[in-house]
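Before any comments, here is the structure.
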Amino acid sequence: MTARKKIQQVVDLMRKTPIQPRAGKTIETIYEATAQILANEGEAALTTNRIAEKSGFSIGTLYQYFPSKEAIVLSMIDAERNKVIAELQQMLLAAQDQKISSRQLLRQFIQTLIKAFGTGRRLKRTLVKIAWRLDHTEPIIHSLNLMAGQIAATLHHINDPELRPPSAASMYVVSRAVMGVIRSASMEDSVLLGTTEFENELVNLAWGMLKS
């Protein structure tokens, strides 16, 4: 099976069952209200009552969809995470068409992770930090496994003589090492996040771990 087919299979598996349009609109309104509260009033102001008030729904309607404010936030995080996975998948498909180098592939992969979990608008950074604090690790681990498998398939396709053939063990270690650094920098509000120096060091880390 080609690397492209493997990646496309993952794309198909990640597609969610569509929900009713009305329910989808309600959920989006709840998301938007939650985002506005977090952005304008701060995390301390976030309660289910405040979200219901801001969204214009009754508290009963809110609880039909979410059992708690944490459930709303984690659902928002999952939606963002799925966007990142889709973005990465498209990047990998494009990388095969453009025949980029394996080092550039690793750089684009790391750029995607930094953008998703370390930088971006304040609301997204807040959501990511809440996820880490709530120990929302299982979905993130699942995403890392998917991304590591996709990167491995693409590296197999590139077949760079400078690199060892990617294995499950090597990709596990690389993905966790990179994500661990990004997580620490995010939780610490490190000034290095978003800098070229930070990105270069992560690329060097991944490259050094995968070299022959």
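Rg and Dmax of the stretch 28-114, based on Cα coordinates, read 18.3, 54 Å.
When the alpha carbon gyration tensor of the chain is reduced to an equivalent ellipsoid, the three semi-axes, largest first, read 35, 20, 13 Å. Counted over the stretch 94-194 with a bin width of 5 Å, the fraction of Cα pairs per bin, in whole percents, is 2, 12, 22, 23, 17, 12, 8, 4, 0.
Based on Cα contacts under 8 Å between residues 6+ apart, the stretch 89-158 shows a relative contact order of 55 percent. For the chain, lysine pairs with C-alpha atoms less than 21 angstrom apart, excluding pairs fewer than eight positions apart on the same chain, total 22. Our summary gives the chain a relative contact order of 24 percent, counting only alpha carbon pairs under 8 angstrom and 6 or more residues apart. With contacts taken as Cα pairs under 8 Å and at least 6 residues apart, the stretch 143-212 reaches a relative contact order of 39 percent. For the stretch 137-212, the convex hull drawn through the C-alpha positions has a volume of 90 cubic angstrom per residue. For the chain, the 222 nm mean residue ellipticity estimated from helices alone, with every DSSP H stretch of n ≥ 4 adding -39500 (n - 2.57) and the total spread over all residues, rounds to -25500 deg cm²/dmol.
Readers should treat all values here as calculations from the given coordinates under stated rules, not as data from a laboratory. What you are looking at is a predicted structure, and each value in this text was computed from that prediction instead of being measured.
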